[in-house]
1. Please count how many residues of segment 73-86 are buried (at least 18 other Cβ atoms within 10 Å of the Cβ) and either outside any helix (DSSP H, G or I) or without any contact (Cβ under 8 Å) to a residue 40 or more places away in the chain (or both).
2. I'd like the full set of residues that are in a loop (DSSP other than H, G, I, E, B), at pLDDT 95 or above and either surrounded by 14 or more Cβ atoms within 10 Å (Cβ to Cβ) or under 14 Å from the mean Cα position of the chain (by Cα) (or both), limited to segment 19-72.
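The values are calculated or read from the model by the stated rules, or taken from the named source; none is laboratory data. Predicted, not measured: the structure shown is a model, and the values here were computed from it. Don't worry about glycine lacking a Cβ; one is built from the backbone with ideal geometry, like all the others, and counts go over all protein chains shown.
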């Protein structure tokens with residue numbers, strides 16, 4: 001029997017599930033990235049012209065998740081300010 005991805009026959013399997021939430025762990029200081037994270041959290045570093053965290057949020061949106069808890073630590077206020085300004089398409093909790 002061939003493997004068939006769940007999305008192929010269910011569409012968005014979690015759409016409409018009232019209790020489904022996303023969690024993003026963004027508390028690390030990115031020490032292995034050296035000076036790149038001296039003034040901004042790793043989640044806001046740009047890759048391909050977009051902050052890293054946007055790729056995760058976009059994948060969550062595609063799965064039907066619109067409520068997300070972001071666990072912050074290092075430069076957490078910077079990440080919170082950025083996301084609450086730019087990503088109004090989510091109900092974000094920090």
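1. Residues flagged as buried (at least 18 other Cβ atoms within 10 Å of the Cβ) and either outside any helix (DSSP H, G or I) or without any contact (Cβ under 8 Å) to a residue 40 or more places away in the chain (or both) within segment 73-86 amount to 2.
2. 27, 40, 41, 45
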